[in-house]
Amino acid sequence: MHSVIKVDLGSQSYNVCVRSGGLQDLGTLMGDLNLGKKVLLVSNQSIFRHYGEAATAALESAGLEVSSCILPPGEQYKTLNSIQKIYGAALANRLERSSTMVALGGGVVGDMTGFAAATWLRGINVVQVPTSLLAMVDASIGGKTGVNHPLGKNLIGAFHQPRLVLIDPDVLKTLPGREFRSAMAEVIKYGVIWDAELFGKLENCQRLDQMRYVKADLLAEILSRSCQAKADVVSKDEKESGLRAILNYGHTIGHAVESLTNYKVINHGEGVAIGMAASSRLAVELGMWDAECDRRQSALIEKAGLPAKLPAGVDVEEILNTLQLDKKVQDGKVRFVLPVRLGEAAVSDRVDGNVILQVLREML
């Protein structure tokens with residue numbers, strides 16, 4: 001498996017390299033980009049245990065000076081406190097403006113490392129080496145970085161594009177089943193909002209709930225098509241002033257549910273699946289897309305072993321209140337991404353609160 005996808009952002013353009021066994025080429029690929037001598041490798045304990053040695057060896061073999069910062073795993077550690085730890089390691093190891101932070105891990109590690117790199121010395125290089133399928137198809141591409149505030153997800157952050165994204169599918173062999181399913185939510189999202197052909201290929205697969213049922217050629221296609229979709233959208237709208245908002249399909253309600261359950265009941269992809277189910281129903285209610293497409297999306301969510309109902313104990317009125325804190329609120333109006341047809345979505349701020357409540361109550 002080997003492909004290169006370009007994220008075209010003028011002087012800030014970079015490549016997403018998808019290559020099996022690519023972790024051992026990390027130092028060489030970085031050397032070609034002239035990213036300074038000093039590298040701070042940021043990871044979490046469980047990922048570092050599996051891949052820290054290989055990543056460090058790859059960097060050192062290219063003549064780079066490597067230090068590391070190992071954080072505890074989990075969304076609940078995606079805080080400014082963890083950022084302080086990264087800053088401490090950057091200071092202790094005398095990182096300079098020409099130095100590079102390397103994020104080795106899932107979306108949480110990637111978001112935090114990106115934010116630390118965006119703000120340390122007013123901005124240094126960052127390289128993303130995602131180790132979860134979710135981070136590979138989504139978080140590592142596009143330059144969105146940040147941490148959570150106690151009252152909402154990703155409220156503190158910055159846009160800071162990486163210099164390189166290296167995706168090695170071989171590292172997915174240690175990915176837990178729940179994490180694989182979580183990522184399938186983002187893959188289904190791309191099928192709905194951008195790539196109808198990808199949606200069809202997912203429909204043709206017998207099972208999507210465990211990686212062992214996904215053949216290598218389909219996995220290659222999932223990675224390259226998802227990365228291409230993200231690259232296409234980000235290249236057209238880097239700072240989310242228009243088109244890029246469609247990448248938030250399923251995220252508005254999904255983030256609210258994640259936040260209200262303290263990130264402990266459902267994970268990110270499960271939240272997105274619930275959000276997609278809700279947004280799809282809203283689009284049907286508003287006459288924007290048809291019930292048959294809604295049924296097909298529901299079938300894919302189910303096939304991926306993802307939830308389409310709200311977790312027990314969540315108050316639908318509370319969800320409505322939390323939506324007002326969403327980053328995408330404009331002039332007090334919540335903006336929803338709603339599907340129009342397979343491969344196309346639109347953003348609307350005309351969704352009535354009563355309709356939202358009605359759909360959410362049906363999902364209890």
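Bear in mind these aren't lab numbers, they're just calculated from the coordinates by the rules spelled out. If you're wondering where the values come from, they're calculated on a predicted model, not measured in any experiment. Neighbour counts are summed over all protein chains in view; Cβ atoms, including those assigned to glycine, are modelled from backbone coordinates with ideal geometry.
As an exercise, identify the trypsin sites (Lys or Arg not before Pro) in region 12-94 lying in DSSP coil whose Cβ has no more than 12 other Cβ atoms within 10 Å.
Hits after loop and neighbour filter: K37, R94.
Here the Gaussian network model covers the chain, with springs between Cα atoms less than 10 Å apart; of N44, N15, N81, N81 fluctuates the most.
By the helix-only formula, in which each DSSP H run with n ≥ 4 contributes -39500 (n - 2.57) and the sum is divided by residues, the chain has a 222 nm mean residue ellipticity of -13500 deg cm²/dmol. Looking at region 177-362, the pairs of alpha carbons with a distance over 27 Å make up 23% of the total.
In whole percents, the pair-distance distribution calculated for the chain from its alpha-carbon pairs, binned every 10 Å from zero, is 5, 26, 35, 24, 9, 1, 0. Placing one equal scatterer on every Cα of region 115-268 and applying the Debye formula, the log10 ratio I(q)/I(0) at q = 0.11, 0.16, 0.17, 0.20 Å⁻¹ is -0.45, -0.99, -1.12, -1.49.
For region 327-339, putting each phi into the Karplus relation 6.51 cos²θ - 1.76 cosθ + 1.60 with θ = phi - 60° gives couplings of 4, 8, 5, 10, 6, x, 9, 6, 9, 9, 8, 10, x Hz, in residue order, rounded to whole numbers and with x for Gly and Pro.
Here the chain carries DSSP beta bridges of which approximately 40% are antiparallel, counting only pairs with both residues inside. Per the Debye formula on identical point scatterers at the alpha carbon atoms of region 27-128, with no solvent, log10 I(q)/I(0) at q = 0.12 Å⁻¹ is -0.33.
What translational diffusion coefficient, in µm²/s and rounded to a whole number, does the Stokes-Einstein relation yield for region 203-280 at 37 °C and a viscosity of 0.692 mPa s, taking the hydrodynamic radius as the Kirkwood radius over Cα pairs? Here the translational diffusion coefficient equals 228 µm²/s. Net charge within 12 Å of H160 by Cβ-Cβ distance, Lys/Arg positive one each and Asp/Glu negative one each, not counting H160 itself? Residues near H160 contribute +2 overall.
When its C-alpha radius of gyration is set against 2.2 N^0.38 Å (N residues), region 2-174 gives a value of 0.92. For K85, the lysines whose Cα comes closer than 19 Å to its Cα, not counting residues fewer than 8 places off in the same chain, are K38.
Quick one: net charge of C17's neighbours, Cβ under 14 Å, K/R +1, D/E -1? Once positives and negatives cancel, what remains is -1.
For the listed residue pairs K189/K309; K78/K144; K78/K189; K230/K327, the alpha carbons are over 22 angstrom apart in K78/K189.
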